[in-house]
Amino acid sequence: MIGILRSFYLLALVLLLCFAGCVTVKHTPSPPRERYTEANALGMIRTSRGTLAPVYAPLAEQIVTDLNLREKEGVGIDLGSGPGTLILELCRHTRLHWINADINPHFFPYFYEQAQQRGFGHRVSAVFADACALPFRDNYADVIVSRGSFPFWQDKRRAFGEIYRVLKPGDVAYIGRGFSRNLPVATAKKIRGKQGRKMKYDVDKAANELRQIMKVLQIKEWEIHRPNPPGGDNVNYGLWIEFHKPKS
């Protein structure tokens with residue numbers, strides 16, 4: 001896999017920044033560059049194929065159903081998609097063209113290879129992107145999703161403001177961490193057991209932070225989801241925020 005990543009690295013750096021909608025925006029300081037190495041990408045790829053592998057298909061199914069995306073056309077963005085596993089599942093259930101917008105370009109050769117193998121190569125793109133300074137024009141995306149990325153955004157308020165800016169009027173974003181409500185409890189317990197203490201966090205604190213961000217940004221239509229399926233009271237399913245941009 002390392003050989004594949006290195007062989008296509010130059011290709012990955014030509015990232016379709018001229019893809020319709022990409023623009024230059026003011027940039028805020030990013031986290032240290034060492035966080036975005038090939039080794040880090042390989043580690044996340046292994047996790048996506050191992051511990052987290054059961055997460056993506058149920059999550060994609062829930063997103064498509066809840067946001068009514070099955071017949072929707074246009075452009076979807078997965079912010080911080082990494083290996084792009086969620087995008088590949090979303091491609092199975094939607095007609096949208098999906099963009100993997102990630103700050104670590106070392107993911108992109110693997111992502112393109114997997115998309116080609118599944119017959120989705122013509123329906124995906126990859127763009128180098130910092131969540132705090134998205135390289136897309138205003139009112140560009142028909143839907144924006146993100147799983148597991150927002151805790152690492154340097155300036156969450158600014159990042160959510162960027163998502164809102166890029167979202168088309170009348171459309172929706174779904175951002176969060178953890179699992180979908182349709183993930184079997186036994187599977188969720190198994191994943192949390194493998195993750196151990198490193199993934200423990202205060203869900204109430206995270207939810208309050210998201211509420212405050214919505215208030216500061218004056219986003220009126222939003223809802224926090226905390227999945228709690230039957231039998232899952234003692235399992236951290238994470239939290240998600242769904243927010244809409246009103247029609248002009």
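Read-outs throughout are calculated quantities, based only on the coordinates presented, and are distinct from any laboratory measurement. As the structure is a computational prediction, the values presented were derived from the model and not from experiment. Heads up, the Cβs are rebuilt from the backbone with ideal geometry, glycines too, and the neighbour counts pull from every protein chain shown.
Quick check on region 212-233. Is at least one of its residues charged (D, E, K, R), in a strand (DSSP E or B) and within 16 Å of the chain's Cα centre (by Cα)? No: region 212-233 contains no residue that is charged (D, E, K, R), in a strand (DSSP E or B) and within 16 Å of the chain's Cα centre (by Cα).
Of the set (1) touching a Ser or Thr at 6+ places or on another chain (Cβ under 8 Å); (2) under 20 Å from Val145 (Cα atoms), all apply to Ile191 but (2).
Please determine whether any residue of region 193-200 is of a type outside the set (Gly, Ala, Ser) and within 20 Å of Gln218 (Cβ to Cβ).
The answer is no, given that none of the residues of region 193-200 is of a type outside the set (Gly, Ala, Ser) and within 20 Å of Gln218 (Cβ to Cβ).
Within region 127-165, being among the charged types (D, E, K, R), over 15 Å from Ser81 (Cα atoms) and touching a helix residue (DSSP H, G or I) at 6+ places or on another chain (Cβ under 7 Å) holds for Asp138, Lys156, Arg157. Can you confirm whether Asn182 is exposed (fewer than 14 other Cβ atoms within 10 Å of the Cβ) and outside any helix (DSSP H, G or I)? Against the criterion (exposed (fewer than 14 other Cβ atoms within 10 Å of the Cβ) and outside any helix (DSSP H, G or I)), Asn182 qualifies.
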